[in-house]
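Undergrad: Have a look at this one.
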Amino acid sequence: MRSHYCGDLRASHQGETVTLSGWVHRRRDHGGVIFIDLRDRAGLVQVVFDPQSEAAFAQADRLRSEYVVTVTGQVRLREENLRNPRMLTGDIEVLGTEITLHNTADTPPFELDEYSQAGEEVRLKYRYMDLRRPEMLKGFQFRSKLTSAIRRYLDDNGFLDVETPILTKATPEGARDYLVPSRTYPGSFFALPQSPQLFKQLLMVAGFDRYYQIAKCFRDEDLRADRQPEFTQIDIEASFVDEKDIMGIAEAMVRGVFKELLDVDLGDFPSMPYAEAMRRFGSDKPDLRNPLELVDIADLLANVEFKVFSGPANAPKGRVAALKVPGGVTLSRKDIDDYTKYVSIYGAKGLAYIKVNDIDAGEEGLQSPILKFLTPEAIEGIISRTGATTGDLIFFGADKASIVNEALGALRVRLGHDLELLTCDWAPLWVVDFPMFERDEEGRLAAIHHPFTQPACSVEEVKANPETALSRAYDMVLNGTELGGGSIRIHDRAMQAAIFELLGISAEEAEEKFGFLLNALKYGAPPHGGLAFGLDRMVMLMMGRDSIRDVIAFPKTQTASCPMTHAPAEVSAAQLRELALGIRKPEA
Ligand code: ASP
C-alpha cells in the first residue's frame, strides 16, 4: 500500500509522488488549509490539504486523531521560515491529493504525547495505544537488535539454540511455581519452568556441549521490586568448562553487545568475592559507580556503655558499621529524618550520625546526639578509620549483620543518587565465591544459588561445614543490578544426593522430584556449567529505562494481572469438571 515510510522522507524526496499509510497523529485547521501529522513506525510527516483537491480536502476535514489512512501526494520543500528543525522530516511536507480512510478510531483514552498523566492501569489496559508512542517502539527495536546480536555471538561460538518444555515439573529457583492442571491425569499438575535449569543440564548429559535459549521463565513471587511473573532469560550452558571459561564467554558477549549497540567499551570486568562485597558495600550486587563504602567499627565499640552499639558489636551475628558521606554536613535535620525513615524499611531501628564541622577542634568540632554515649577513644577511632574530615558526615548501622547490610547498603545507593556521587556511567563486575547456603527463618539451610550448584570443596567437607562452604557460583553485576548469574554444576550423583540431604530433602522426596536428574547423573554426565542473563533487565539498563515493564510488550501489573485481557480469569464449570477441579475461594 505504501511507497515510503512517513518518518523516512527528506528534502531529497522533493518532487516525488509518495503514498503513505499510518495514523492521524494530529489534525490542525489553519484558515482554509488542513494539516495532518501522519504517523507510522518510522515517525511523523506533515501532510497538507488545500481546497483545490476538493474530495481529499473534504475527507481530510473529517479525519480525527488515530484514524487510519493511506494518503497520496507530492513531497515539497517547506518555506524557509516554516521548517521545523526538531522534526526529522521538518524540511518538507506532502501536498496531499488523495485519501483512503481504512478505519476510524474512538477518542484515545490518553493523548499519546501526554501518556505520563495516564496511570499505569490505563496504559496497560490500552497497551496497544501505549505502544504507539515512539519511545516505546524504540525500546522494542533495541530489544530486537540486542537479541539478534546475542544470537549471532552464541551461534558463532558453537552454541546450539534448543527449546525446552514449558509444561514440566517444578524447577526450583526459589520462587513458587505456576501450576497447570492436567486433564489426562486428573489431580496431577504440570509446573511452568522457573528456568530451564534441569533441561539444560540434561542436554549436557546428552552431549550437546554448548546450548543456549532465549527462554521464558515463570516465577510466582510477591512482585515487590521491579519483577514480572513471566520474564525472559538468555540461558546458557556448556560442558567441559570451569568458571573461567563460562565467565569469559559471558563477559565477551556482554562487552560485544555494549560495543555494537551503544558504542560503549566496558573493558575487563573486575571480580570480587561475595564476602568483600558484603563488607564494603552491604550488598552482593554493589554499584561500583558509587564511591561510598561501609567500614567495620565493632571492635571500637565493643566496650562502650551505649547498648545500641555494644550489643551488636558483641553479638556473633551482629555488625556495627560506619558510612562516611563526604560533604555530608550540609544534610539538614529533615534530610536525616528522611534517611532514617528510609532505612527503617530495611529493619533499621534508627540512624545515628556524627557531623564533622571542624576536624581541628576535637570533640567541639563534632555534632551528634550520640557523642555523649561514646568514649573519646571510640570517637577518635571512628574518625581515623573512616578518614572523616571537616565537612563530612558519618552514618552508623548497628544490628544483626543482615539488617545493617541491607539498611546501610540501601542508604549508600540512595545517597549516591541524591548527592550525585556516581563516578562513571557503567561499572560491571563479577561477584564470586558465594557461600553454598544460608539459613532461612526456621534455621534450615537454603541454597543461595540453586541446589544443583557445585560446592568449591569435597562431599565430606561440605557435609562437615555446610555454613562456611563456598560454591562455584558467579553473578554478573552492572550498576548495582544483577544482570545474570550461574554456576558450575554438580555432575556427580553422590554430591547431588549430599546437597539434597543438607537441604533437608529426604531421599524419597529427592527421588520423587528429581529422580530423572539423579538417574541421568548415573549415565556419564560431563562436568558442566552455565549461567543465565535477565534479558528484560539488560534491555532496561542499556536503554536507561526505570522499569522492566517498559521493555516488555504486554507486562503484568504489580499484582500479577493483565488489565487488558483480564487474565487471570475464572473458567467455566464445565472446564473445571473436565480437569477434575473444584474451587474453594478463601473467605473474605
Ligand atoms: N538457572 C539459573 C537461574 O535462573 C541460572 C543458572 O544457574 O544458569 O537463576
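The values are calculated or read from the model by the stated rules, or taken from the named source; none is laboratory data. Remember, it's a predicted structure, so these values are computed and weren't measured experimentally. In this analysis, Cβ positions are derived from the backbone assuming ideal geometry, glycine residues included, and neighbour counts consider all displayed protein chains.
Undergrad: Can you tell me how many residues within region 430-486 are assigned to a loop (DSSP other than H, G, I, E, B), within 22 Å of the chain's Cα centre (by Cα) and away from the ligand (no atom under 14 Å from the Cβ)?
TA: Qualifying residue count for the region: 2.
Undergrad: If you go through region 84-97, how many residues are surrounded by 15 or more Cβ atoms within 10 Å (Cβ to Cβ) and more than 19 Å from Gln52 (Cα to Cα)?
TA: The total comes to 6.
Undergrad: Within region 212-223, identify whether any single residue is under 18 Å from Leu517 (Cα atoms) and more than 13 Å from the ligand (Cβ to nearest atom), and answer yes or no.
TA: no
Undergrad: Inspect region 500-520 for any residue being out of contact with any Leu (no Cβ under 6 Å at 6 or more places or on another chain), within 16 Å of the ligand (Cβ to nearest atom) and in a strand (DSSP E or B) and give the result as yes or no.
TA: No, the conditions are met nowhere in region 500-520.
Conditions (1) part of a strand (DSSP E or B); (2) within 24 Å of Val68 (Cα to Cα), marked per residue:
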residue: Gly96; (1), (2): yes, yes
residue: Thr100; (1), (2): yes, yes
residue: Pro109; (1), (2): no, yes
residue: Arg123; (1), (2): no, yes
residue: Ser144; (1), (2): no, no
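Undergrad: Further, regarding this structure: If you scan region 224-241, which residues turn out to be under 18 Å from Gly158 (Cβ atoms) and within 12 Å of the ligand (Cβ to nearest atom)?
TA: Ile234, Asp235, Ile236, Glu237, Ala238
Yes or no, residue by residue, for (1) touching a strand residue (DSSP E or B) at 6+ places or on another chain (Cβ under 6 Å); (2) modelled with pLDDT of 95 or more; (3) farther than 29 Å from Phe208 by Cβ:
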{"position": "Glu237", "(1), (2), (3)": "yes, yes, no"}
{"position": "Glu251", "(1), (2), (3)": "no, yes, no"}
{"position": "Arg255", "(1), (2), (3)": "no, yes, no"}
{"position": "Glu276", "(1), (2), (3)": "no, yes, yes"}
{"position": "Phe281", "(1), (2), (3)": "no, yes, yes"}
{"position": "Glu293", "(1), (2), (3)": "no, yes, yes"}
{"position": "Pro312", "(1), (2), (3)": "yes, yes, yes"}
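Undergrad: Which residues, counting only those in region 341-366, are closer than 14 Å to Glu380 by Cα and either hydrophobic (A, V, I, L, M, F, W, C) or in contact (Cβ under 8 Å) with a residue 12 or more places away in the chain (or both)?
TA: Selection gives Ile354, Lys355, Val356, Asp358, Ile359, Asp360, Ala361, Glu363, Gly365, Leu366.
Undergrad: While we're looking at this one, here's another question. All but one of (1) in contact (Cβ under 8 Å) with a residue 12 or more places away in the chain; (2) in contact with a Phe, Trp or Tyr (Cβ under 6 Å, 6 or more places away or on another chain) hold for Arg28; which doesn't?
TA: Condition (1) is where Arg28 drops out.
Undergrad: Working only within region 190-209, note down all residues that are among the small types (Gly, Ala, Ser), in contact (Cβ under 8 Å) with a residue 40 or more places away in the chain and either more than 15 Å from the ligand (Cβ to nearest atom) or within 17 Å of Asp492 (Cβ to Cβ) (or both).
TA: Residues of region 190-209 that are among the small types (Gly, Ala, Ser), as a first pass: 191, 195, 206-207.
Filter again for in contact (Cβ under 8 Å) with a residue 40 or more places away in the chain, leaving 195, 207.
Listed by number, the list holds a single entry, Gly207.
Undergrad: Of everything in region 455-470, what is over 17 Å from Arg444 (Cβ atoms) and either surrounded by 22 or more Cβ atoms within 10 Å (Cβ to Cβ) or hydrophobic (A, V, I, L, M, F, W, C) (or both)? Give them in sequence order.
TA: Passing the criteria: Pro455, Ala456, Cys457, Val459, Ala464, Leu470.
Undergrad: Test Ala560 against the criterion of being part of a loop (DSSP other than H, G, I, E, B), among the hydrophobic types (A, V, I, L, M, F, W, C) and on the phi > 0 side of the Ramachandran plot, and give yes or no.
TA: Details: part of a loop (DSSP other than H, G, I, E, B): yes; among the hydrophobic types (A, V, I, L, M, F, W, C): yes; on the phi > 0 side of the Ramachandran plot: yes.
Answer is yes for this residue.
Undergrad: Being modelled with pLDDT of 95 or more and in a loop (DSSP other than H, G, I, E, B) is the filter here, so list the residues in region 354-369 that pass it.
TA: Across region 354-369, the qualifying residues are Asn357, Asp358, Ser368.
Listed here are the residues, each with its yes/no results for (1) surrounded by fewer than 18 Cβ atoms within 10 Å (Cβ to Cβ); (2) within 20 Å of Gly485 (Cα to Cα).
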| position | (1), (2) |
| --- | --- |
| Lys169 | yes, no |
| Gly174 | yes, yes |
| Leu179 | yes, no |
| Phe189 | yes, no |
| Asp209 | yes, yes |
| Cys217 | no, yes |
| Gln228 | no, yes |
| Thr232 | no, yes |
| Asp242 | yes, yes |
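Undergrad: Yes or no: Val205 touching a helix residue (DSSP H, G or I) at 6+ places or on another chain (Cβ under 8 Å), more than 27 Å from Leu146 (Cα to Cα) and at pLDDT 95 or above?
TA: On the way: touching a helix residue (DSSP H, G or I) at 6+ places or on another chain (Cβ under 8 Å): yes; more than 27 Å from Leu146 (Cα to Cα): yes; at pLDDT 95 or above: yes.
The answer is yes for Val205.
Undergrad: While we're on this one: Provide a single number: the residues in region 526-545 that are more than 12 Å from the ligand (Cβ to nearest atom) and more than 18 Å from Phe258 (Cβ to Cβ).
TA: So the count comes out to 2.
Undergrad: Please work out if Phe140 is closer than 25 Å to Phe240 by Cβ, aromatic (Phe, Trp, Tyr) and touching a residue at least 60 places away in the same chain (Cβ under 8 Å).
TA: no
Undergrad: With respect to Asp222, determine if the residue is at pLDDT below 95, surrounded by fewer than 22 Cβ atoms within 10 Å (Cβ to Cβ) and in contact with a helix residue (DSSP H, G or I) (Cβ under 8 Å, 6 or more places away or on another chain).
TA: When the stated conditions are applied, Asp222 does not pass them.
Undergrad: Can you tell me which residue is nearest to the chain's Cα centre (by Cα) among those in region 532-588 that are of a type in the set (Ser, Thr, Tyr) and loosely packed, with under 14 Cβ neighbours inside 10 Å?
TA: Among those residues, the one meeting the criterion is Ser547.
Undergrad: What do you reckon, is Ala525 aliphatic (A, V, I, L, M) and on the phi > 0 side of the Ramachandran plot? Working first, answer last.
TA: Working: aliphatic (A, V, I, L, M): yes; on the phi > 0 side of the Ramachandran plot: no.
Criteria not met by Ala525.
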